[in-house]
Every structure is written in C-alpha cells, then in structure tokens.
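The values are calculated or read from the model by the stated rules, or taken from the named source; none is laboratory data. Here the structure is a predicted model, which means the values were calculated and not measured. Here the Cβ positions follow ideal geometry from the backbone for every residue, glycine too, while neighbour counts run over all protein chains shown. Calculation scope for accessible area: heavy atoms of the full protein, side chains included, ligands and nucleic acids excluded. Shrake-Rupley method; radii C 1.70, N 1.55, O 1.52, S 1.80 Å.
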Amino acid sequence: MLTWTLCVCVFVCVFGAGSPLSCRWMDHKFTQFSENYLNLVDTMAHNSTNSSQDAGVAFPRELYSQVSKAAAEDKVSFTVQVLNEVETLFNKNHSLASWEEKTADDFIGVVNQQAEGLHSCIRSHSHKKHKKKLHMSFKRLSHVLDTMGHGAESWELIRKEVKAHLQRVDSLISSVLNAN
C-alpha cells in the first residue's frame with residue numbers, strides 16, 4: 001500500500017508539476033493580460049485612421065491550424081513566439097502612427113509580460129518548423145511597414161493583423177486551459 005501511494009505521489013509530482021496545464025501564470029494571469037492587450041490594441045484603433053486596405057500579407061491560417069492540433073506545451077511555446085514577434089514589430093518606429101505613444105508603450109509592456117509569464121510555463125523549445133514559418137510571416141509584416149514608410153495607414157494595417165494574431169493565440173491558450 002505504501003509503495004502504491006509513493007508511486008502515485010511521484011507520478012503527480014513529475015507529470016503534474018511539469019505540465020503547462022498546471023502553470024500558475026496561465027491559471028491566474030493569462031486571461032487578465034490577454035484582455036488587457038486586446039483592449040489596448042482596440043484603443044489604438046479608436047485613435048487611428050480607418051483603412052479598408054489589408055496588409056497584403058496572407059494570414060498564416062494553416063500554421064495556426066497545425067498548432068491547434070499540437071500538444072499543450074507546443075501551443076504555449078508558439079504563443080510565446082507570437083508575442084515576441086509582436087513586441088519586435090511594435091518596437092519599430094511607430095512615431096507616425098496615429099495612436100498615442102503611451103498606449104503603444106503600454107501595449108508593448110503587457111505583451112512582453114505575457115510572453116515572459118508564458119515562457120516560464122514551458123520546459124523545451126518545440127515546433128522548430130513552425131518557428132521559421134511564423135517568423136517569416138512577421139518579417140513580411142515588417143516589410144509592409146518599411147515599404148509604406150511607417151506611416152499611420154501602414155501601422156493601422158499592422159495593428160489589424162496583430163490583433164488577428166492575438167485573438168488566435170488567445171484561442172490557442174484557452175483550449176489548453178479548457179482541457180484542464
């Protein structure tokens with residue numbers, strides 16, 4: 001009986017504690033930070049010019065579809081990369097964007113905190129083939145900014161694309177939390 005109890009305890013400690021499903025950040029902070037950065041990206045739209053144009057970069061739907069079928073830790077790792085790519089993109093010169101500088105700074109800060117918090121939930125770096133594809137998608141967005149001169153219209157296009165990414169990773173992590 002004692003051996004059985006010990007085996008169960010070891011199993012729970014090894015597989016439960018190391019699982020992204022038991023990550024305190026995801027359980028207690030993810031939703032709060034996700035709502036915060038989605039509200040900030042919406043606020044940026046309220047202060048922005050309205051453009052019906054799209055960024056000319058195909059949204060990586062197939063990549064998200066593949067990741068949605070992956071293991072929980074892969075979903076978290078992918079989300080961390082998306083957040084890091086968003087932060088890198090928004091650290092470019094956005095002085096010509098029509099939103100307030102403080103809103104953009106707050107947005108970058110919240111995205112960074114979310115990425116760091118989620119990063120603490122993963123043990124390994126997985127989905128290497130997805131990393132390159134995702135990076136190339138954001139590189140194309142960066143090229144749109146460069147081509148259009150970092151103006152208000154180009155930043156509005158990027159803001160819309162980034163919002164779509166943030167909504168998709170929110171859905172990915174929600175699927176992990178709901179599987180718990």
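Points worth noting:
- Set Ser95, Ser175: member being closer than 22 Å to Trp25 by Cβ, open to solvent by 20 Å² or more (accessible area, probe 1.4 Å) and not aromatic (Phe, Trp, Tyr): Ser175
- Cβ pairs under 6 Å, 6+ apart, first in segment 92-115 and assigned to a loop (DSSP other than H, G, I, E, B), second of a type in the set (Val, Ile, Thr): Ser98/Thr49
- Scope segment 64-76; condition more than 17 Å from Phe33 (Cβ to Cβ) and open to solvent by 10 Å² or more (accessible area, probe 1.4 Å); matching residues: Ser65, Gln66, Ser68, Lys69, Ala70, Ala71, Ala72, Glu73, Asp74
- Conditions (1) out of contact with any Leu (no Cβ under 6 Å at 6 or more places or on another chain); (2) at pLDDT below 90: number failed by Val57: (1)
- Taken over segment 13-49, the criterion of being modelled with pLDDT under 60, closer than 20 Å to Lys75 by Cβ and not hydrophobic (A, V, I, L, M, F, W, C) is satisfied by Gly16, Gly18, Ser19, Pro20.
- His130 part of a helix (DSSP H, G or I), touching a residue at least 60 places away in the same chain (Cβ under 8 Å) and open to solvent by 10 Å² or more (accessible area, probe 1.4 Å): yes
- Taking segment 21-45 as the range and being within 17 Å of Ala179 (Cα to Cα) and buried (at least 19 other Cβ atoms within 10 Å of the Cβ) as the test, the residues that pass are Cys23, Met26, Phe30.
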